[in-house]
Ligand SMILES: C[S@@+](CC[C@H](N)C(=O)[O-])C[C@H]1O[C@@H](n2cnc3c(N)ncnc32)[C@H](O)[C@@H]1O
């Protein structure tokens, strides 16, 4: 399923960070819950957390779709999924080791995809966004979220913000349009990045 040789950088980066991932960001829970609440999901819906990591978003996603809904968390890095299991996130949804470039899901299976901190790590972002569009029904939603805005993240990482950044609004709008999504709202604030797009019919 997974083309590991093209993802060495992802595994090298996230494997050593997995064990203490949650403890590095202990205060993010409310921001994830607020973002999950903006997906427009209803009880019984099906949602994927793409690049779920330790599954921090899964409790919030479960809360919006309810016990009859479907929550999936997919990630490439085994250590992140192991940390998710240790944190009990497997009780909130089904954890899968999968590359977002090739998801083991049928066309239109989902009502929404949530992706936190994902897009800047993707090797082929447009193809990967197209694969996410494939598994979502027309009218379904994609939310690209980060609990920190672009400028604040750049400052934390000691670099300048750049218009070449995939998450800059014009670039993201174009990238998503090429992948079957229409960008509907965009917020880039100090404590939140949230881009919401709708799957085109
Ligand atoms: C910055 S972390 C965010 C994790 C989690 N969403 C969160 O907010 O805590 C990015 C995650 O994306 C995963 N990832 C990167 N590329 C991926 C791909 N092609 N398919 C699936 N997961 C991927 C990494 O393994 C990592 O766990």
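Computed from the coordinates by the stated procedures, all read-outs in this text should not be read as laboratory data. Note that the structure is a prediction, hence the values are computed from the model and not measured. Reconstructed Cβ throughout: ideal geometry from the backbone, glycine too, with neighbour counts over all protein chains shown.
Brief remarks follow.
- Whether the range 38-86 is rounded, prolate or oblate, judged on the alpha carbon gyration tensor where a/c under 1.5 counts as rounded: prolate
- Highest mean packing comes first when the peptides 43-50, 169-176, 183-190, 24-31 are listed by Cβ atoms within 10 Å, giving 43-50, 169-176, 183-190, 24-31.
- On the basis of the beta-carbon distance and an R0 of 30 Å, residue 94 and residue 38 show a calculated FRET efficiency of 0.85.
- Only alpha carbons enter this Debye calculation for the range 1-131, each as an equal point scatterer, and the log10 of I(q)/I(0) it gives at q = 0.15, 0.17 Å⁻¹ is -0.67, -0.87.
- FRET efficiency estimate (nearest 0.05) - Cβ-Cβ, residue 189 to residue 8, R0 45 angstrom: 0.85
- Shape category assigned to the range 68-201 from the gyration tensor of Cα positions, a/c cut at 1.5: oblate
- Quotient of Cα Rg and 2.2 N^0.38 Å for the range 137-201, N being how many residues it contains: 1.17
- Overall shape: oblate for the range 4-61, with the ratio a/c of the largest to smallest alpha carbon gyration tensor axis at 1.5 or above and b/c at least equal to a/b.
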